[in-house]
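Q: Quick one: the structure is below, questions incoming.
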Amino acid sequence: MAINLGNMGNIFQIQGNLQKSLQNYEKALKIYKEIGEKLNYHIINNNKINLLFKSAITHNKEKNAGKALENLEEIVESLKETKMKRQ
């Protein structure tokens with residue numbers, strides 16, 4: 001299910017539908033987080049961040065850039081947690 005939602009997010013992004021793309025990415029992220037699938041979680045979160053940055057640049061929407069930075073911080077924290085668990 002999460003894979004399909006991520007793919008749908010990609011398709012909506014290509015079509016230029018920011019809102020539907022973000023909605024599908026969020027649903028996929030929720031599932032990946034619930035099942036503890038970190039790799040795919042980070043891939044989808046990266047797609048989401050790229051979309052938000054692209055939107056911020058294209059449409060000059062600071063709100064989206066701020067949200068992208070929040071997501072980036074979340075990825076960094078999650079990667080730190082993953083690294084700590086491996087040590």
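Q: Each label point is 7 Å from the Cα along the Cα-to-Cβ direction; what then is the distance between the points at L79 and N50, in nm?
A: Calculated label separation equals 1.5 nm.
Q: Determine the dipole magnitude for region 1-57: charges of +1 sit on the beta-carbon of Lys and Arg, -1 on that of Asp and Glu, nothing else is charged, the reference point is the Cα centre, and the result goes in debye to the nearest 20.
A: It comes to approximately 80 debye.
Taken together, the values in this text are just the output of simple stated rules run on the coordinates, not laboratory data. Only a predicted model underlies this, so the values are computations on that prediction, with no experimental measurement involved. Note that we place each Cβ from the backbone using ideal geometry, even for glycine, and neighbour counts take in every protein chain shown.
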